[in-house]
Structure formats: C-alpha cells, structure tokens
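The values are calculated or read from the model by the stated rules, or taken from the named source; none is laboratory data. Treat the numbers as computed from the prediction; the structure is a model and nothing was measured. Reconstructed Cβ throughout: ideal geometry from the backbone, glycine too, with neighbour counts over all protein chains shown. Heavy atoms of the whole protein, side chains included, go into the accessibility calculation; ligands, DNA and RNA do not. Shrake-Rupley method; radii C 1.70, N 1.55, O 1.52, S 1.80 Å.
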Amino acid sequence: MGRRSLASLAALAAVVLIAGVVQVPAAGQTASSATTGAKAWTPPRTADGKPDLQGIWSDNTLTPFERPKSLGAKEFYTDQEVVELAKRVREGRPGEEIEGAQLGAANPQAVRYDLELYGFDRTKLRYTSKRTSLIVGPEGVIPPMLPQARERNAARAAKNKGHEFDSHEQRSLSERCILMGQEAIPMTPGANEGNLLQIVQGPGYVTLLHEIDHSTRVIPTDGRPHLPQSIRQWQGDSVGRWEGNTLVVDTTNFTNMTAFRGSSENLHLVERFTRASDDTMIYQFTVEDPATWARPWTAEIPWTKTKGPVYEYACHEGNTMITTILRGARVEEEAALKKGK
C-alpha cells in the first residue's frame, strides 16, 4: 500500500542500534524480576524528582507475540540457544528454526512490500530478551476467547460481510490513517517501520510521541480520576501514577468498536514503564476483559534507546488510498451490473 516517508530512516536507525544491544533476563526470571533485575543501576530523575523515562525508544524485536506451540511451556531460551538463533538470523537463514523459534515482527509480510528494498535488513535484528514469547507465563499465548465473545465478534463480522466497500466507514482504522497498529494501545511491535517512540515529561504529565502516524498521547499523572463511564474513546481514558521507579498507566472507557484482539468496551488495560538501564526500558501491559477472556493476561516488551530522530510519518500520500479503494469497488459494481443486463 506504499506507506513510506522519511520515517524509514529513523526506523532503520533503530534497527541498526538494536543490532548491538541485547537485554536478556536470566533464564527462569519472572516478568517482575526481569523488570527490577538491574538493582545496582539508579535511574536519573527529572527536575520534579520523578524517574526520568525521557528519550527516543524502539520496540523492534525478533521475539514473537505468542509462543510457538512446539515450545510448550518453555518460557526462556538458554544462553546458547539465543546465540544460535541470533547467528542464524544474522547469516540470513532464520528458516532453520530451533524448537519452533519464530521471527516475530520481523517476519515477511507479503501484503505489503519488500522491506529489504528500503534498507530494512532483518539480519541486523536481535532478540531483546531470552523470552520465547512476548506474552509471559507458562502458556505464552492469549487465553481462549469466551463463547459469548466469539459470538459477539462473529456477529460483527457477519454484519459487515458484503458491505466491506460500501463507504470509508467500513474500512479499518489503520487503512484510514486514524489509528495504526503500533500507536494503538496496548503498544505492540510492528514490522520494522515507524517503531520509534519519544517520551517527554513535565510536572503532572508524561507525553508519548509516536513516529508512526505522528500520534501524541498525553497521560496525566496528577492524581485525577477517570472520565465518567458515559464518555468513551477509541484509545480509552488513561491516567498515570508513579509506583517507585515505574510509571503505571491505567486505561478504561474504551468504545465497543475498539476491539483489541476481539475485546469489548469492558477492556481494562494496565501499562507499566520501567527504565531498567540507561538504554533499556521494560514495557509491560496487562489486559483484562471479563466479557472476552476468563482471566487477565500479560505481555512484556523490552525497548531500546536510540538517537532517532523522529521523522514525519505521512501514512499514505495525500490520503488517496481510501478513495482509490472505493472507486475501484464502484467500477466493479458497474461492470457486474452491465454484465447482468
């Protein structure tokens, strides 16, 4: 679909930087112990005494979101396995898997374009932890969806079936450049482009500036309550608080159309940002939605600091993609009508 801009250069810088930086928790560590493992390191403070999370960060990683079935309950690779996996990727032969290891966000995407044409060399990517999946815990996968949630999502899909090209409202938010995957919360790694996120802090606020779609998220940390439940937003209502060296962001008030992996408007998201070293941030989120899953589930993604800069992201030039798609649909309809006559 050709969403290219100068963001390519910044994303490439992040990829190259990650090549030399790998933060790996010891085998057997839990999510919390991986977050607090660097006990000797003291995070810097801002002028108002809060932990300084500022900088430009990248979430590029080879770790898949869910654990391959062949790995069973194996949560962590050994040191030797990580070395061998990284070597295979570096040598351009990731297809030779170790116990089902996968490339996560670095997997090729046939529906897009050849990323290597734009300088995104997958052999430069690394595993940023020893985890076999970004989802933590023995299962390493999203819990099964509840029957009522499957029915809800099936009904939504059935309602839209045959009407996918009626108007712009039937197209996805990412296709309309309203809310791209990497800026939607919770934040998950994308396909090696626009992965940069800049954090800026001030008294009572933390601001996240995404390179992709130049989205800005302002999180208050002044103790204010959530908005009334009657006010719903695509990205919900986020309020932050500090717990030691960790920024905890609580988000509610999603809409019934947000549907993160099939969720409902009851989605409750808790994000945790902990700076583990000068160049590493641990981003962890817990998803809870009793209308969709029987229990909460958690994912952890190490971020790597980069010099940036964060460039403008143009999504698709002139935003002509939607009009082109809909125009094509009208042409097909007219052709079918003529053929029927």
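Computed quantities for the displayed model
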{"item": "Tally of residues being surrounded by fewer than 18 Cβ atoms within 10 Å (Cβ to Cβ) and assigned to a helix (DSSP H, G or I) across region 72-85", "result": "4"}
{"item": "Single residue of Thr286, Thr258, Thr251 found to be touching a Leu at 6+ places or on another chain (Cβ under 6 Å), under 22 Å from Met145 (Cβ atoms) and crowded, with 16+ Cβ neighbours inside 10 Å", "result": "Thr251"}
{"item": "Thr292 being surrounded by 15 or more Cβ atoms within 10 Å (Cβ to Cβ), under 19 Å from the mean Cα position of the chain (by Cα) and β-branched (Val, Ile, Thr)", "result": "no"}
{"item": "Residue count, region 224-242 (criterion: over 22 Å from the mean Cα position of the chain (by Cα) and open to solvent by less than 70 Å² (accessible area, probe 1.4 Å))", "result": "3"}
{"item": "Among (1) polar (S, T, N, Q); (2) at pLDDT below 85; (3) under 30 Å from Thr292 (Cα atoms) - the single one Thr123 does not satisfy", "result": "(3)"}
{"item": "Check on Val206, at pLDDT 80 or above, closer than 16 Å to Phe254 by Cα and not in a loop (DSSP other than H, G, I, E, B)", "result": "no"}
{"item": "Positions within region 296-317 being modelled with pLDDT of 95 or more and either assigned to a loop (DSSP other than H, G, I, E, B) or in contact with a His (Cβ under 7 Å, 6 or more places away or on another chain) (or both), in sequence order", "result": "Pro296"}
{"item": "Residue match in region 314-330 (condition: in contact with a helix residue (DSSP H, G or I) (Cβ under 8 Å, 6 or more places away or on another chain) and farther than 30 Å from Trp57 by Cα)", "result": "yes"}
{"item": "Some residue of region 309-329 being surrounded by fewer than 13 Cβ atoms within 10 Å (Cβ to Cβ) and within 22 Å of the chain's Cα centre (by Cα)", "result": "yes"}
{"item": "Residue selected from region 163-191 under the condition closer than 28 Å to Ser70 by Cα and modelled with pLDDT under 85, by the criterion most open to solvent (accessible area, probe 1.4 Å)", "result": "Gly181"}
{"item": "Answer residue from region 261-270, given it is at pLDDT 95 or above and open to solvent by 20 Å² or more (accessible area, probe 1.4 Å) and is nearest to the chain's Cα centre (by Cα) among those", "result": "Val270"}
{"item": "Filter result (touching a strand residue (DSSP E or B) at 6+ places or on another chain (Cβ under 9 Å), buried (at least 19 other Cβ atoms within 10 Å of the Cβ) and part of a loop (DSSP other than H, G, I, E, B)) within region 127-162", "result": "Thr128, Ser129, Lys130, Thr132, Ser133, Leu134, Val136, Gly140"}
{"item": "Some residue of region 179-188 being in contact (Cβ under 8 Å) with a residue 40 or more places away in the chain and not in a loop (DSSP other than H, G, I, E, B)", "result": "no"}
